[in-house]
Amino acid sequence: MTTPFTVSLVSWHDGEPLLRAIREAVFIREQNVPEELEWDGKDDKCRHALALSTNGDAIGCGRLMPNGHIGRMAVLPQWREQKVGTAILEALLDEARSRGYKQVDIDAQTTAMAFYHKFGFVEHGKEFMDAGMPHKKMKLVLLPR
């Protein structure tokens with residue numbers, strides 16, 4: 001079975017307009033994250049996963065920071081529940097493994113914790129607010145594939 005999308009790893013330099021469009025749609029417009037919080041100046045040091053539809057439309061993204069933190073996971077509403085987020089996270093986890101990272105962590109919106117649990121992420125610490133939304137820190141010990 002073929003998927004109606006692809007996921008590629010890109011640099012911020014190569015993917016910025018498409019990555020920016022997804023994050024503006026999901027975080028800034030849909031979730032009302034202030035622009036100054038969304039654009040933290042760290043993107044150019046990250047490896048980004050970019051999901052494109054077969055038409056070439058940007059539909060989802062995520063990033064892996066040099067310290068093993070995964071963040072900025074976003075999928076456009078019309079593409080949710082179609083395994084786009086799964087493919088993005090798998091690409092980022094594979095990249096983390098290829099870099100020799102022993103574990104990764106994420107600050108998960110509490111509404112997305114069940115998604116991360118499916119991959120083996122475990123929450124730790126207290127719930128906290130980020131950009132006006134409840135989050136929990138989660139981590140995953142990476143096992144070789």
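Coordinate-derived values only; no laboratory data. Bear in mind the structure is a predicted one, so any value in this text is a computation, not a measurement. All Cβ positions, glycine included, derive from the backbone under ideal geometry; neighbour counts span all protein chains shown.
Checking [x] 2, 9, 18, 19, 15, 12, 10, 7, 5, 2, 0, 0; [y] 2, 8, 17, 22, 17, 12, 9, 7, 4, 2, 0, 0; [z] 2, 10, 20, 24, 23, 16, 6, 1, 0 against P(r) over Cα pairs in 5 Å bins from 0, in percent calculated from these atoms, the matching label is [z]. Each Cα pair of segment 64-121 feeds into the Kirkwood radius, which the Stokes-Einstein equation turns, at 20 °C and 1.002 mPa s, into a diffusion coefficient of 178 µm²/s.
Residues in segment 23-36 carry Karplus couplings, in order, of 5, 5, 5, 7, 7, 6, 7, 6, 9, 6, 6, x, 3, 5 Hz; the curve used is 6.51 cos²θ - 1.76 cosθ + 1.60 with θ = phi - 60°, and Gly or Pro positions show x. Cross-link reach is defined here as a Cα-Cα straight distance under 15 Å, omitting same-chain residues fewer than 8 places apart; for Lys45 the aspartates and glutamates meeting it are Asp14, Glu16, Glu95.
If the chain linking Thr54 and Thr3 were pulled fully straight, counting 0.36 nm for each residue of separation and taking away their Cα-Cα distance, it would gain 17.5 nm.
Using θ = phi - 60° in the Karplus curve 6.51 cos²θ - 1.76 cosθ + 1.60, the 3J(HN,Hα) couplings for segment 116-125 round to 5, 4, 4, 8, x, 5, 10, 7, 8, x Hz; x is entered for Gly and Pro. Inter-part distance, segment 11-32 to segment 73-98, computed on C-alpha centroids, equals 15 Å. Between Phe128 and Val10, the modelled labels are 3.1 nm apart [label points 7 Å from Cα along Cα→Cβ]. Bridges between two residues of the chain, per DSSP, are antiparallel at a rate of about 95%. Adding -39500 (n - 2.57) for every DSSP H run of four residues or longer, then dividing by how many residues the chain holds, sets the calculated 222 nm ellipticity at -7000 deg cm²/dmol.
For a paramagnetic label modelled on Asp94 (point 7 Å from Cα along Cα→Cβ), amide N atoms under 20 Å away belong, within segment 1-41, to 1-12, 14-15, 19.
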